[in-house]
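Quick notes on the structure that follows.
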Amino acid sequence: MSQTIGIAVAAPHAATSNSAGRVMATVMAALAPATLFGFWLYGWPAVYLWFITVAAAMLGEAFCLRLQGRQATPALLDGSAVLTGWLLAISLPPWAPWWIGAFGGLFATVLGKQVFGGLGQNLFNPAMVARVALLISFPVQMTAWVAPLPLFSAGAPGAIEGLSILLKGLPPALDAVSSATTLGFAKTEMSRGVDLMASLPNAPALSWLGQRPGSLGETAAWLIAAGGVAMIFLRIISWHIPLAMLAGIALPAAIANAVDPAHYLGATAHVLSGGAMLGAFFIATDYVTSPNTARGQLVFGAGCGLLTWVIRTFAGYPEGVAFAVLLMNSLTPIIDTYIQPRIYGRDRKGVPLEPVK
Amino acid sequence: MGLFERIFKHPSWGVHPDDHKRPAADVPLRILPPPARVYMPLHQHVGGAARPIVLVGQQVLKGQLLAEAQGNISAPIHSPVAGTVTAIGEVTAPHPSGLAFAAITVENDFTNRWIETDPVEDPFALAPEEIARRTAAAGVVGLGGATFPAAVKFALGKRLAVTTLIVNGGECEPYLSSDDCVMRDFADQVIDGARIVMHAIGAKEALVGIEDNKPEAIAAMRIAAAPFSEVKIRPVPARYPMGSDKQLIQTLTGKEVPADARAAEVGVLVHNVSTCAAVHQAIRHGRPLVERIVTINGGAVDKPGNIMAPLGTLVDELLAFCGLKARPARLILGGPMMGTPLLHGRIPLVKGASGILAFDAREATIPPAGPCIRCGSCTKACPMGLLPLEMASRIRAGELDAAVDFKLSDCISCGCCAYVCPSHIPLVQYFSHAKGELAARERAKLRTDATRRLAEDRIARLERDAKEKSALAARRKAERAAAKAAAAAAEQATGAAA
Ligand code: SF4
Ligand code: SF4
């Protein structure tokens, strides 16, 4: 056996069976129950919207790869474009018109990700970039929430009728089902001078089961949380960002609510609504746009949470998750620069330790 | 391990690859029939190459000195067989890609005659320096793969008054089980060798760290160590790279070796279990290091297991002895995490070779690299607490200094980062490349420094010469002027007299 064997590749000669595609697939699996529940809750229009958004995101990715003269298939198959589209879709109002999904999906992958150089290069979370762009450009469609009308229940649009809602928007006949989210309702009532003590009893019920108006996939807080916890156990994400973010929302909310319940919503309302769970487990934890160290992630998560509460409470938009995450995304490089792990044999500043016998 | 330990005591660094140690580890040790010819490279240790002291055609006995140590850090080479020296010098492998290496070739006469040995009855009656001298003369080097001359380390430990000897039975590389085999079959020798090393360096206790995936070795070593209270067997969690000195020291003693310092400076010295067994052989039996136990493993090997083989045996012969069931897709010297790829099997077994792996096509496949998704897995896995993704991106951008600022020099090349990377980015390749660049740069700097010094010397010399020349000229001129003046004065005097 004197022939040459293989090539002189450097060690290690072993690799994990994990892959980027597998990570994405696991995240999708964790997201699936909440999404399916959303489909059931909001019926056919939501299903169509989801497909359109995901398809648009993939189309945007494929288009950009083609422009760069790269083969589209391997990069498309890593699933990151699907995941971006998916995350955007479930943060949209479930009965939004088709072009909201199409525009948002394209925007997310083209302007949110590929212009930065593709997977791993973007500074901001692509799905949230698209959502904020949509919110600013089409505030009416982006805040047209509907009350849940579960599939096959009386009055729910069928497959054909759903298609027409998607294409033409809400028919006047169904206008009755449009509704407000908990946070939006509280905000509007407060701006009319009605304080929370008076308005909350009439507010749309807050429910762990998700039977309330909200975006496509985020209302079932417990299904989102279950998916997130599963990801923590599978070591896809660590607990640092979700815990810090939820605490960052809940603590100030609880304190403010204890001081002045007439003007500040309580911690439960904050944590269970407005995509806080979705943000904490699936959005803020995006690898590319969050810090790499455990301590950095705690800072990042707490910042996302705190900003969410501040924006919801004091700014014009009732829902702050997207803005908060984007703001913290811009701080990620700074956090990563200042918070680094301690190196073996050195102190935190990088100075070699003193030898101790 | 209880849940508490799992969560709080488990090291947070490192990776847990499939260890693939069994069934090879459980197969009884086999002894290779001596080969017809052995090739002993002159350079199979850290430090200077050995200098041949035999002549072509000379008869040698097994264990006879072939080449002596050269320089402060070096090790001698002894003949693994009895026979005739047939060649000294470059052994060129028959394949174009094979690198030539300087070696002594010995033709085996199959008499198996040993040289006169000088066994020691009671090593503890010897002076520590004498133990170091004998260990050095026997050519013992670190057998875990580091191949640092053992006696040099003894001297260092003695000088820095080391209190604890750590005996490394971690063997964390997947597929390898040669240390495991030594501990199972020769536990007495390992413990005795460890006690001799303790005596040589003046250590008070020895901690033997063995990964808990080797229960048989732990049991055997416990029995062997039972009579000696100063030798403690310490199972450690199986986690790669537990067998790395720094990580084992941290796990066993809680101490960290400061950056840019040696382990001895925190009062510990690490020796591998196989090295301890070799010290036992060298001192108790006076036998130099001429054979070792090597693991032959991998999917292409028909009967994997541990083989006792003379040094200098060709890898091909070892593979033939174990049989190949497929053409190897990759040959590796050492373990899969840090081993060196071999381009062919006409390479001799060297002192530091703990394993030879012949991977089949499936094992050899590493998926193509993709973009970094900044998942942070590499950072979590790095046992040194470095940021592999940041260093790699700097190196890719050609910013070597920025990578150095991330303490590239602390990287131990363990391969954890590249192993866990879901995008299969060859991170270690980047680091090795950068370290090579930096070393070259350092050398170039030394060279320019030296050139500059030479140039400055030359200018100074020229200036000095010029100055001397002009001083000489001035002196001559003055002398001439004086002579002229004297002559004129004389003329005047004669004129006046006339
Ligand atoms: S493990 Fe690989 S993909 Fe993940 S951050 Fe490190 S280099 Fe990037
Ligand atoms: S950076 Fe170096 S020390 Fe850290 S895991 Fe990678 S190879 Fe090992």
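The values are calculated or read from the model by the stated rules, or taken from the named source; none is laboratory data. Computed from a predicted model, the values in this text were never measured in an experiment. Backbone-built Cβ (ideal geometry, glycine too); neighbour counts: all protein chains shown. Quick note on the areas: whole protein, heavy atoms, side chains included, nothing else; ligands and nucleic acids left out. Shrake-Rupley method; radii C 1.70, N 1.55, O 1.52, S 1.80 Å.
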Legend entry - From phi via Karplus (6.51, -1.76, 1.60), per-residue ³J(HN,Hα) for region B:422-433 in Hz, x at Gly/Pro: x, 8, 6, 6, x, 4, 4, 4, 4, 5, 5, 4
Inset, instruction - Could you list, by residue number, the cysteines of chain B that have no other cysteine's beta carbon within less than 4.7 Å of their beta carbon? - result: B:Cys172, B:Cys181, B:Cys276, B:Cys322, B:Cys372, B:Cys375, B:Cys382, B:Cys411, B:Cys414, B:Cys416, B:Cys421
Inset, instruction - Please identify every one of the GluC sites (Glu not before Pro) in region B:356-450 that sits in a loop by DSSP and has no more than 15 other beta carbons within 10 Å of its own beta carbon. - result: B:Glu399
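Can you tell me the convex hull volume per residue for region A:13-66, based on C-alpha atoms, in Å³ to the nearest whole number?
Values: hull volume 4.0 nm³, N = 54.
Taking only Cα atoms, region A:13-66 has a hull volume of 75 Å³ per residue.
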Inset, instruction - List every residue whose amide H lies under 5 Å from the amide H of B:Val231, counting only residues 5 or more places away in sequence or on a different chain, with H placed 1.01 Å from N in the peptide plane. - result: B:Ala206
Legend entry - Average beta-carbon neighbours from other chains, 10 Å sphere, peptide B:255-264: 5
Inset, instruction - Find the percent of Cα-Cα distances in chain B that exceed 34 Å, and round it to a whole number. - result: 45 percent
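List the trypsin sites (Lys or Arg not before Pro) within region A:13-110 that fall in a DSSP loop (any state other than H, G, I, E or B) and whose Cβ has at most 13 other Cβ atoms within 10 Å.
Listed in order of number, the matching sites are A:Arg70.
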Inset, instruction - Compute for chains B and A the buried accessible surface, both sides summed, probe 1.4 Å, and express it in Å² to the nearest 100. - result: 4600 Å²
Inset, instruction - Calculate the length of the line joining the C-alpha centroid of region B:212-243 to that of region B:333-405, in whole Å. - result: 29 Å
Legend entry - Neighbourhood charge, 13 Å Cβ-Cβ cut-off, centred on A:Gly266 and excluding it, Lys, Arg +1 and Asp, Glu -1: 0
Inset, instruction - Mind running the shape call on region B:190-287? Use the C-alpha gyration tensor, a ≥ b ≥ c as the square roots of the eigenvalues: rounded below 1.5 for a/c, prolate if a/b tops b/c, oblate otherwise. - result: oblate
Legend entry - Kirkwood estimate for region B:86-180, i.e. one over the average of 1/r between Cα atoms, Å: 17.5 Å
Inset, instruction - Indicate the residues belonging to region B:320-357 that lose 50 Å² or more of solvent-accessible heavy-atom surface (probe 1.4 Å) upon moving from the chain alone to the assembly of all protein chains, ignoring ligands and nucleic acids. - result: B:Arg327, B:Arg330, B:Pro341, B:Leu343
Inset, instruction - Find which of B:Gly14, B:Val46, B:Ala485 sits farthest along the positive direction of the dipole of chain B, computed with +1 on the beta-carbon of Lys and Arg, -1 on that of Asp and Glu, about the Cα centre. - result: B:Ala485
Inset, instruction - DSSP loop (so not H, G, I, E, B), at most 11 other Cβ within 10 Å: list which GluC sites (Glu not before Pro) in region B:108-210 pass both filters. - result: B:Glu116, B:Glu121
Inset, instruction - Could you work out how far the C-alpha centroid of region A:286-344 sits from that of region A:57-117, in angstrom? - result: 24 Å
Inset, instruction - Would you please classify the overall shape of region A:20-179 from the alpha carbon gyration tensor, given that a ≥ b ≥ c denote the square roots of the eigenvalues, rounded means a/c under 1.5, and beyond that prolate means a/b larger than b/c while oblate covers the rest? - result: prolate
Legend entry - Largest-first principal axis extents, alpha carbons of region A:194-338, Å: 47, 29, 22
Inset, instruction - Quick one: what are the phi-derived ³J(HN,Hα) couplings along region B:202-213, Karplus 6.51/-1.76/1.60 with θ = phi - 60°, whole Hz, x for glycine and proline? - result: x, 7, 8, 9, 10, 10, 9, x, 10, 4, 6, 8
Legend entry - Cβ-based charge dipole, region A:20-179, positive-most Cα from A:Leu67, A:Trp50, A:Leu88: A:Leu67
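Over region A:194-338, calculate the relative contact order: mean separation of alpha carbon pairs under 8 Å at least 6 apart, over the residue count, as a percent. Mind dumping the intermediate values first?
Numbers: 210 pairs, mean separation 36.1, N = 145.
Answer for region A:194-338 is 25 percent.
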Legend entry - Distance histogram in 10 Å bins (all Cα pairs of the protein assembly as shown, percent per bin): 2, 11, 17, 17, 14, 11, 10, 7, 5, 3, 1, 1, 0, 0, 0, 0
Inset, instruction - Could you list, in their original order, any pairs among A:Lys357/B:Lys255; B:Lys204/B:Lys232; A:Lys357/B:Lys158; B:Lys255/B:Lys435 whose Cα atoms are separated by more than 19 Å? - result: B:Lys255/B:Lys435
Legend entry - Within chain B, longest stretch clear of exposed trypsin sites (Lys or Arg not before Pro) (DSSP loop, no more than 16 other Cβ within 10 Å): B:326-498
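Taking only protein heavy atoms and a 1.4 Å probe, what accessible area per residue, in Å², does region A:194-338 have with all protein chains in place?
Solvent-accessible surface per residue comes out at 38 Å².
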Inset, instruction - Grab the Cα-Cα distance for B:Lys484 and B:Ser229, subtract it from 0.36 nm times how many residues apart they are, and report the gain in nm with one decimal. - result: 82.0 nm
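Mind putting a number on the dipole of the protein assembly as shown about its Cα centre? Charges go on the C-beta only, +1 for Lys and Arg and -1 for Asp and Glu, and I need it in Debye to the nearest 20. It would help to have the intermediate numbers written out before the result.
Numbers: 74 positive and 64 negative charges, 366 e Å.
Computed about the Cα centre, the dipole is about 1760 debye.
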Inset, instruction - For A:Phe37, A:Phe300, give the ranking by accessible area with the largest first, probe 1.4 Å. - result: A:Phe37, A:Phe300
Legend entry - Shape of region B:242-363, Cα gyration tensor, a/c cut at 1.5: oblate
Legend entry - Charge context of A:His13, other residues only, Cβ under 10 angstrom, K/R +1, D/E -1: 0
